[in-house]
Amino acid sequence: MKRLAAVGALFSVVVILMQVYIQDGPEERQGFTAYRLIAHAAGSIGDQPYTNAYEAMVANYKQGTRVFEIDFMLTADRKVVARHEWTASMSEQLGQLDRLPKEKQGARLTHKEFMETPILERYQPMDVDAVMDMMASVPDIYIVTDTKEQKDEDIRLLLTELTEAALARDPALLDRVVIQIYNEPMLDMVREIYPFSSIIYTLYATTDSPERIIAFVKANHIDAVTMPAPGKSQLCGEAEGSGGRHVCAHH
């Protein structure tokens with residue numbers, strides 16, 4: 001019953017957000033909101049949806065994808081890399097068990113170990129520099145961050161390193177970085193690091209009421225909201241008459 005109540009509340013958010021956006025009137029879609037698809041974990045390649053690999057981005061870009069969600073984590077030596085989680089099951093899913101000693105299969109790797117361990121024997125892992133190099137070389141790619149770290153100090157370090165990697169190449173790259181936040185205080189943290197122009201608010205970790213969420217989204221000009229949807233693996237699109245803003249749902 002609690003789960004049904006939570007789902008009902010989240011769908012109330014969807015309905016109210018659609019109403020709010022319709023009332024705002026039409027506006028031209030810009031930036032990442034001009035696209036209707038976000039590729040998870042750099043996009044699937046073969047049968048694997050969680051690689052965050054260089055080749056996955058290239059393959060999906062060639063198929064027309066321009067917005068890529070990237071999972072970011074810290075290595076054992078606190079470098080930023082594109083990885084969904086540090087678990088043995090993920091190492092197995094990525095075909096890395098034979099490449100890693102047993103004690104490393106479910107542990108954080110060092111940056112060197114991570115970069116030198118191929119994914120599925122043939123795909124190249126990416127660190128934050130590789131992601132920024134890709135963005136610098138392909139001027140219409142957008143990335144959406146999914147910061148998998150849980151501690152504030154780790155999230156701050158991760159986003160700071162990402163920002164500095166972009167600034168070292170071209171500050172304009174940060175106009176194509178979409179930051180995903182999971183609670184209200186995280187927005188303050190993000191804006192202390194850099195005034196990112198695009199924000200997605202993901203609701204799975206919040207217990208705030210629909211009314212509070214809507215007020216927060218409107219007051220902070222947040223571009224998109226992500227939320228669970230029962231019976232759907234993914235639902236993401238533009239609400240009719242929403243003026244180009246997106247309402248997205250992920251399970």
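The values are calculated or read from the model by the stated rules, or taken from the named source; none is laboratory data. Everything numeric here is computed off the predicted structure, so don't read it as measured data. With ideal geometry, Cβ positions are generated from the backbone for all residues, glycine too; neighbour counts draw on all protein chains shown. Surface areas here come from the heavy atoms of the whole protein model, side chains and all, with no ligands, DNA or RNA. Shrake-Rupley method; radii C 1.70, N 1.55, O 1.52, S 1.80 Å.
With a 1.4 Å probe and all protein chains left in place, how much of the accessible area of the stretch 36-104 comes from carbon and sulfur atoms, in whole percent? That share works out to 48 percent.
A Förster radius of 45 Å combined with the Cβ-Cβ distance from Ala136 to Ala215 puts the calculated FRET efficiency at roughly 0.75.
Charging the Cβ of each Asp and Glu at -1 and of each Lys and Arg at +1, and nothing else, the dipole of the stretch 76-208 about its Cα centre rounds to 320 debye.
Applying both filters, DSSP loop and at most 15 other Cβ atoms within 10 Å, to the trypsin sites (Lys or Arg not before Pro) of the stretch 126-203 gives Lys151.
Taking 7 Å steps out from each Cα toward its Cβ at Arg29 and His111 produces label points 3.8 nm apart.
D by Stokes-Einstein for the stretch 57-144, Kirkwood Rh over Cα pairs, 25 °C, 0.890 mPa s: 179 µm²/s. Computed from label points 7 Å out along Cα-Cβ, the spacing between Asp188 and Ser44 is 4.1 nm.
Report, in listed order, any pair from Lys112/Lys151; Lys62/Lys104; Lys112/Lys148; Lys148/Lys218; Lys79/Lys218 with a Cα-Cα distance greater than 29 Å. As for pairs spanning more than 29 Å Cα to Cα, those are Lys62/Lys104; Lys79/Lys218.
Calculated accessible area for the stretch 91-161 comes out at 50 Å² per residue, all protein chains present (probe 1.4 Å; ligands, DNA, RNA ignored). Taking amide hydrogens as placed 1.01 Å from N in the peptide plane, the amide H of Val178 sits under 5 Å from those of Ile143, Val144, Thr145, each at least 5 positions away in sequence or on another chain.
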